[in-house]
1. In the set Lys231, Lys220, which member is farther than 14 Å from His145 by Cβ, modelled with pLDDT of 90 or more and over 14 Å from the mean Cα position of the chain (by Cα)?
2. With respect to the numbered conditions (1) assigned to a loop (DSSP other than H, G, I, E, B); (2) among the basic types (Lys, Arg); (3) out of contact with any Leu (no Cβ under 9 Å at 6 or more places or on another chain); (4) touching a residue at least 24 places away in the same chain (Cβ under 8 Å), which one is the sole condition not fulfilled by Lys229?
3. Can we say Ser43 is within 30 Å of Lys102 (Cβ to Cβ), modelled with pLDDT under 90 and in contact with a helix residue (DSSP H, G or I) (Cβ under 9 Å, 6 or more places away or on another chain)?
4. Which residue is modelled with the lowest pLDDT, if the candidates are limited to the range 250-287 and must be surrounded by 14 or more Cβ atoms within 10 Å (Cβ to Cβ) and over 16 Å from Thr125 (Cα atoms)?
5. Among the candidates Lys79, Lys68, Lys106, Lys85, single out the residue that is of a type in the set (Lys, Arg) and surrounded by fewer than 17 Cβ atoms within 10 Å (Cβ to Cβ).
6. Quick one: would you say Leu100 is at pLDDT 90 or above, in a helix (DSSP H, G or I) and not assigned by TED's automatic domain parsing to the domain that holds Arg251?
7. Against the definition (surrounded by 19 or more Cβ atoms within 10 Å (Cβ to Cβ), within 20 Å of Ile235 (Cα to Cα) and among the hydrophobic types (A, V, I, L, M, F, W, C)), how does Met129 come out, yes or no?
Amino acid sequence: MHIRSGKVIKTQLRIQSENMEIMDKESSYSYLGVPTGFKIFPSATETIEQLKKEVKSIDDSLLYPWQKFDAINTFITTKLSFHLKCGTVPKKSLNELDALIKKVGKKWMNLPVTASCELLYLPYTAGGMNIIPTSVLCDISTVSHAFRLLTSNDRITQKLAYDSMKEVVQRRIRKEPTMEEIAQFYNGASSTNIPQLNTDVSSCWTKLRGAMRRLSSKMKITFEPDVSKKKFNLIINKAAATRFNVEAQLRDATRNYFKQTLLAKPSQGRVYNVTAKILFRIISTVMEISLDLLNGILFIVLVSILCL
């Protein structure tokens, strides 16, 4: 596709003397199921519809409840990962999928319809089912994908990512931005110098600001510029993110947010808190009894040996 001055030009391009297909502004090509072209094409529409059918099939199966949750985490959410990172997935479709998972998830846990959804989103170690809403996963994927491009081991990819990141800010504020201004923009800072209307071509960089603002309601997340090295550090809850663990760090921070939200609820958070304390006391008591029993057995064995 040949684009000049925001317009698609029908130019015949060749690779190794082979003619490439000429595309116009209404056409697109699909790469691993993600449509790409001049316009924004919704991604994963058919995939999400298929995932809804699979969730219903899991619900109707004879699997144990924990196996059903494991199937959701293993097969359902992972199928969306590439679309969430590289495509444009409509939030409406993701919300519909989340609503279905919430409904069947409460049913599998024998919870009433009015029960808090946070119980589904807690990690296994906190008594939850380790699920994260796909609408939140979309923002996590956007941030982690952008940060990995910025910290790529390939210098050319790293520079291209930085230049693209800078260009988006420059188009919005209509001047050459400093690294501090770039960080402030993507951190979601409000300013009269930033127009509300965005006319830029959609990319992971145009979506990054919105994803950062939405995630900031669940965690402390900011880009901090390192001017000397001309790079940006991503800080998540006062901890610096790494390119290999950034997605896991964002997921952990999201689960912690849901845990704190549940504990803050007077009607359900207290029950969870008291239950956790009682369970801890039971485990401690069992361990004490086991140690006393072990000490008793050792004493009897020792006496038997001495009497021989």
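1. Lys220
2. It fails just one condition, (4).
3. Answer is yes for this residue.
4. Top of the filtered list is Gly269.
5. Lys79
6. yes
7. Considered against the rule, which asks whether it is surrounded by 19 or more Cβ atoms within 10 Å (Cβ to Cβ), within 20 Å of Ile235 (Cα to Cα) and among the hydrophobic types (A, V, I, L, M, F, W, C), Met129 comes out as no.
Table: residues versus (1) over 14 Å from the mean Cα position of the chain (by Cα); (2) of a type in the set (Asp, Glu); (3) at pLDDT 95 or above; (4) not in a loop (DSSP other than H, G, I, E, B).
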{"site": "Gln184", "(1), (2), (3), (4)": "yes, no, no, yes"}
{"site": "Ser191", "(1), (2), (3), (4)": "yes, no, no, no"}
{"site": "Val201", "(1), (2), (3), (4)": "yes, no, no, no"}
{"site": "Glu224", "(1), (2), (3), (4)": "yes, yes, no, yes"}
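The values are calculated or read from the model by the stated rules, or taken from the named source; none is laboratory data. On a predicted model such as this, the values are computed, not experimentally measured, just so you know. Reconstructed Cβ throughout: ideal geometry from the backbone, glycine too, with neighbour counts over all protein chains shown.
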